[in-house]
1. Take the residues in segment 273-288 that are outside any loop (DSSP other than H, G, I, E, B) and in contact with a Leu (Cβ under 7 Å, 6 or more places away or on another chain), then tell me which one is surrounded by the most Cβ atoms within 10 Å (Cβ to Cβ).
2. I need every pair where a residue in segment 119-134 that is β-branched (Val, Ile, Thr) has its Cβ under 6 Å from the Cβ of a residue that is surrounded by fewer than 22 Cβ atoms within 10 Å (Cβ to Cβ), sequence separation at least 6 or different chains.
3. Could you tell me whether any residue of segment 305-313 is surrounded by 21 or more Cβ atoms within 10 Å (Cβ to Cβ), under 19 Å from the mean Cα position of the chain (by Cα) and within 16 Å of the ligand (Cβ to nearest atom)?
4. If you check Val191 against the conditions, is it open to solvent by 10 Å² or more (accessible area, probe 1.4 Å), part of a helix (DSSP H, G or I), of a type in the set (Val, Ile, Thr) and farther than 17 Å from Ser126 by Cβ?
5. Assess whether Ile154 counts as being open to solvent by less than 20 Å² (accessible area, probe 1.4 Å), outside any loop (DSSP other than H, G, I, E, B), closer than 25 Å to Lys52 by Cβ and of a type in the set (Val, Ile, Thr).
6. Go through segment 178-188 and count every residue that is open to solvent by 50 Å² or more (accessible area, probe 1.4 Å) and under 13 Å from Asn351 (Cα atoms).
7. Determine, yes or no, whether Ala113 is closer than 30 Å to Ala220 by Cα, part of a strand (DSSP E or B), more than 12 Å from the ligand (Cβ to nearest atom) and not charged (D, E, K, R).
8. Is segment 124-134 home to any residue that is assigned by TED's automatic domain parsing to the domain that holds Gln300, outside any strand (DSSP E or B) and open to solvent by less than 40 Å² (accessible area, probe 1.4 Å)?
Amino acid sequence: MKNGVVIVGAGHGGVQAAASLREEGYDGPVILLGEEAELPYHKPPLSKTFIKDAEAKPQPLRGEAFYTGNNIDLRAGTLVERIDLAARRLELAGGGALPFDRLVLATGSRPRALPLPGAGLAGVVSLRSLADARVIREVSGRVEDAVIIGGGFIGLEIAATLRAAGRNVTVVEATDRLLGRAVAPVLAAHVHRRLEAMGVQVLTGTTVARLDEEGGHVVAAVLASGKRLPAQLVVIGIGVVPNVELAQAAGLAVANGIKVDPRMRTSAEQILAVGDAVNYRHWFTGADVRLESVQNATDQARLAARTILGHEDTYAAVPWFWSDIGDMKLQMVGLALGGDRHVVTGDAAENRFSVYHYAGDRLIAIESVNRPGDHMLGRKMLGAGFSPAPGLAVAGPEALKAAFAEFQQGNPAAATG
Ligand code: FAD
């Protein structure tokens, strides 16, 4: 393959794809194109540690020496404008073109826009990139009041971080609870209570109607009720949309993400896709999903590299995710979609508990707050296809570990409880 593999998007998926190609023994050209003029960096710290510390540096995904040492041609600051499928060539912003033999799309996602009067004012920002995080850090360092629109993971992480830094913070969520798309109501209610205990004002079932300005800078968020919340910083965090435009314009199949098969191949033979931008039938639930997590992007990238090298294994990674909201480490493993009951173990009053989700008799997901042991055991159990009875989950980690050991020794009757 003389033109080699070109990867579009130098985020979590793209960088892992490049690394895995080399780890798997690919010795042709690997070209990694990223729109941002930065050494590729970890995104999760942006909403957690980076914005609270004026001295914090971005955390590179890999050091510069990694790219040179592995002969990976990283071209930061390169925006791809079009895929010419017939010619197997990319058209770059500024006029250049780049041929490819195989292409990996790792274009990620971008914040969903909120068509709100005032959304374009200074002091109004959505967080996706290091550049956005720098704006939030700079503005939040010199203002008193922040309004976060949207009660999802990123919004709540920012809310807790800014509150800990002494800002007055209000979260405005349109639906009747926080983390609606992501976790069980019991866990969302816990996060809600805990944020309030930290001094964050949480308004659910409420929308922002407009943002008011003075001198081009936001000064207040005005609710649909007419109530005015002072705000010199407004963070809009109402979810993301996948970056599918390149794929769509090239005629690839797209439906809430670039469609890929279990080997990460798109509808065009030479093109694979990974990460936030892709939609696929998940082996775990049988449903079509588009997941937004580091695990999803990196495991898919590893598999895409193997597919390029001719391996035929299919995607079978256990999905997991984490979020740090104030003093809560939230960890999710599995997919709760389709669950019909759950049991809770641990103590919410101590800020340490886990929610085990079942679909019928099958354990499908575990959501934990400050119980990393439950999460790690959960990853192993779900990966092995082990479904302990709910009573065992409630009995606690020691009983679960013992049952799982029985299961691994080929004694499933003793194991499931
Ligand atoms: P990205 O890492 O977003 O990379 C895509 C890259 O492609 C971007 O850099 C973009 O600039 C580039 N690109 C797009 N189009 C083009 C083009 N046409 N030409 C060139 N370059 C292009 N996940 C977790 O599991 N846990 C967390 O705690 C967590 N916290 C997060 C906090 C924040 C603030 C954010 C923003 C995300 C967080 N995530 C977290 C989600 C996680 O970062 C994403 O799921 C992951 O980055 C997806 O990887 P990706 O490679 O698909 O996309």
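The values are calculated or read from the model by the stated rules, or taken from the named source; none is laboratory data. These numbers come from a predicted model, not from an experiment. Here the Cβ positions follow ideal geometry from the backbone for every residue, glycine too, while neighbour counts run over all protein chains shown. When the accessible area is computed, the model is the full protein with side chains, heavy atoms only, and any ligands, DNA or RNA have been set aside. Shrake-Rupley method; radii C 1.70, N 1.55, O 1.52, S 1.80 Å.
1. Ala273
2. Within 6 Å, the pairs are Val125/Asp132; Val125/Val135.
3. No, that holds for no residue.
4. no
5. In short, no.
6. Residues flagged as open to solvent by 50 Å² or more (accessible area, probe 1.4 Å) and under 13 Å from Asn351 (Cα atoms) within segment 178-188 amount to 1.
7. So Ala113 fails the test.
8. No; the residues of segment 124-134 include none that is assigned by TED's automatic domain parsing to the domain that holds Gln300, outside any strand (DSSP E or B) and open to solvent by less than 40 Å² (accessible area, probe 1.4 Å).
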